[in-house]
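The values are calculated or read from the model by the stated rules, or taken from the named source; none is laboratory data. Since this is a predicted model, take the numbers as computed values, not measurements. Every residue, glycine as well, gets a Cβ built from its backbone with ideal geometry; the counts of neighbours run over all protein chains shown. SASA here: full protein model, heavy atoms, side chains in, ligands and nucleic acids out. Shrake-Rupley method; radii C 1.70, N 1.55, O 1.52, S 1.80 Å.
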Amino acid sequence: MSAPVAGSLPLDLRYGGSVGDGEQMLPAIYNSIAGYRDLYMLGAYGYRRKHIQILNQTDSCCFSDLQWTDPGGLDRAINAYQSDIQFKILSALTGWFEVARYSDNGGVHKISLNALTRIYKEIDGMRPVSSPLFFYDSRGGGATSLLQSNGRYSYVETLTGFAKDWSDVVATRNGHLFFYRRSDGRAATAALLNDGTYRISVSRTMSVPAGPT
Amino acid sequence: MISVGLDYLFFYNKNTGTAKVGEVKAGGNYVDITTILSGFSIGWSHIIGLTNGGLFFLDAHAGIGFAGRVDSSGYRSYAQINGFATNWTSLTSANGNVLFFYNAPAGVGATALLDEFGTYVYIGLVRGGLPTGASHLTGAKNGTLFFLKNSNSTGATWFINELGEARPVQGLSGFGAWTMVTAG
């Protein structure tokens with residue numbers, strides 16, 4: 001996760017103090033190799049990668065409404081490049097890009113409390129999670145356990161009452177179990193939560209066309 | 001049937017060389033993403049899905065692999081990858097982009113990375129301390145590998161990081177004889 005604070009903006013959105021020093025404008029880089037939108041993409045693209053660009057709404061230095069020429073503020077211009085980058089990132093199915101603007105910086109060039117809170121929240125969200133484990137016995141039994149973020153194993157619960165003829169049982173990464181019977185394409189789903197608990201409440205019985213095994 | 005990505009399922013029929021992609025939506029509802037797809041090799045002994053959407057096929061007898069991908073538009077194939085050992089007995093994935101190959105009789109493993117565009121990078125062998133003769137192996141999204149040996153009711157966990165580096169975590173005992181084990 002990366003979170004640049006109180007800057008930058010793409011070059012075409014810079015006026016007044018936002019123009020910046022020479023290293024922020026160097027044509028040999030930004031005109032010839034990669035522009036700022038490209039750099040934002042690179043920061044956002046990749047498995048589990050997040051790029052949260054934090055800007056102050058008013059900042060006496062730069063990159064805020066105070067340096068922008070339109071009295072309506074920067075929101076419209078920011079939303080345009082944010083949407084463009086988000087669309088490309090979502091198309092690639094990996095990564096995350098977002099612009100977050102806060103106003104509790106007292107109008108000066110600093111990291112605000114809301115910005116820090118957002119950064120801490122994002123870091124917490126990136127911590128490894130536990131993964132559930134599901135055991136199936138063709139005599140109709142089952143069990144769940146937990147593989148903790150440090151790799152240690154812990155038992156959760158014993159289950160009974162499963163059909164005895166499932167030929168495949170797989171867990172999806174988004175918290176479901178899929179039971180499948182190759183002979184006739186019958187299938188069922190249930191929930192397997194991240195804490196290792198099994199929930200039959202969302203169980204569905206369905207007919208998946210037989211064929212592929 | 002293989003779980004791939006966050007919620008996709010890949011069905012493969014070894015006898016006919018056909019496959020199909022489906023998705024388990026919120027609430028547990030299953031929907032087809034594709035119709036029956038044909039033209040797959042009938043020689044794949046192992047297929048494994050990765051959380052990043054990558055799909056890896058292995059013909060353990062011929063030592064041939066193949067990379068593909070599943071997403072909301074269905075299945076796309078990438079390229080054949082040659083040069084695999086011919087003694088892998090299990091294959092699983094962990095931590096998003098890591099493939100783990102396992103030779104149960106020898107207690108030897110190997111790791112590799114596969115991204116969502118089919119780029120395969122071999123990392124190296126894992127020797128020393130791996131369980132031998134495990135009957136079940138499954139990898140979790142948080143990087144944990146779980147081994148279960150039905151014949152003596154023992155198990156073990158290992159951890160693999162996103163770079164494919166593996167280390168042992170815990171030896172376990174007291175398991176029943178389970179037919180299938182799967183990790184979310």
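For the range A:66-79, what does the Karplus curve 6.51 cos²θ - 1.76 cosθ + 1.60, with θ = phi - 60°, yield as ³J(HN,Hα) per residue in whole Hz, taken in order and with x for Gly and Pro?
5, 9, 8, 7, 7, x, x, x, 7, 3, 4, 5, 5, 4
Compute, for the range B:2-173, the length of the dipole vector about the Cα centre, with Cβ point charges of +1 (Lys, Arg) and -1 (Asp, Glu) only. Units Debye, rounded to 20. Numbers along the way, then the final one.
Numbers: 9 positive and 9 negative charges, 66 e Å.
Dipole of the range B:2-173, to the nearest 20 debye: 320 debye.
Which entries of B:Lys14/B:Lys141; A:Lys164/B:Lys20; A:Lys88/B:Lys14; A:Lys121/B:Lys141; A:Lys50/B:Lys14; A:Lys88/B:Lys141 show an alpha-carbon separation above 31 angstrom in the structure shown? Don't jump to the answer; show the numbers that get you there.
On the way: B:Lys14/B:Lys141 27 Å; A:Lys164/B:Lys20 25 Å; A:Lys88/B:Lys14 36 Å; A:Lys121/B:Lys141 21 Å; A:Lys50/B:Lys14 39 Å; A:Lys88/B:Lys141 25 Å.
Violating the 31 Å Cα-Cα cut-off are A:Lys88/B:Lys14; A:Lys50/B:Lys14.
Evaluate the relative contact order of chain A (contact order divided by residue number), counting alpha-carbon pairs under 8 angstrom at least 6 apart; express in whole percent.
So the answer I get is 14 percent.
To the nearest 10 Å², what's A:Asp12's accessible area with a 1.4 Å probe?
Rounded to the nearest 10, the figure is 90 Å².
Let me check against my output: what whole-number percent is the relative contact order of the range B:2-173, with C-alpha pairs under 8 Å and at least 6 apart? Don't jump to the answer; show the numbers that get you there.
Working: 445 pairs, mean separation 23.6, N = 172.
Normalised by residue count, the contact order of the range B:2-173 is 14 percent.
From the helices alone, meaning DSSP H stretches of at least four residues, give me the mean residue ellipticity at 222 nm for chain A, per-run term -39500 (n - 2.57), in deg cm²/dmol to the nearest 500.
On the way: 4 runs with 43 residues, N = 213.
After summing the helix terms and dividing by the residues of chain A, the value is -6000 deg cm²/dmol.
For B:His46, which sequence-distant residues (separation of 5 or more, or a different chain) have an amide H within less than 5 Å of its own amide H, given hydrogens modelled in the peptide plane?
B:Leu58, B:Ala60
What are the residues whose amide H is under 5 Å from the amide H of A:Val156, where those residues sit 5 or more places off or on another chain and H is modelled from the backbone?
Those lying under 5 Å, H to H, from A:Val156 are A:Thr144, A:Ser145, A:Leu146.
Only Lys, Arg, Asp and Glu count, each charged at its Cβ (+1, +1, -1, -1), so figure out the dipole size of the protein assembly as shown about its Cα centre, rounded to 20 debye.
Working: 30 positive and 28 negative charges, 229 e Å.
So the dipole magnitude of the protein assembly as shown works out to roughly 1100 debye.
Determine the principal axes of the Cα atoms in chain A, then give the extent along each, sorted from largest to smallest and rounded to whole angstroms.
Cα extents, longest axis first: 74, 37, 31 Å.
With θ set to phi - 60°, apply the Karplus curve 6.51 cos²θ - 1.76 cosθ + 1.60 along the range B:177-184 and write out the HN-Hα couplings as whole Hz, x wherever there is a Gly or Pro.
9, 8, 7, 9, 9, 9, 10, x
Considering the options A:Thr158, A:Ile200, A:Tyr81, tell which one lies farthest towards the positive end of the dipole of chain A, charges being +1 on Lys and Arg and -1 on Asp and Glu at the Cβ, about the Cα centre.
So the residue we want is A:Thr158.
Just to check I understand the Karplus step: with θ = phi - 60° and J = 6.51 cos²θ - 1.76 cosθ + 1.60, what whole-Hz values come out for the range A:137-142, glycine and proline as x?
In residue order, the calculated couplings are 10, 5, 8, x, x, x Hz.
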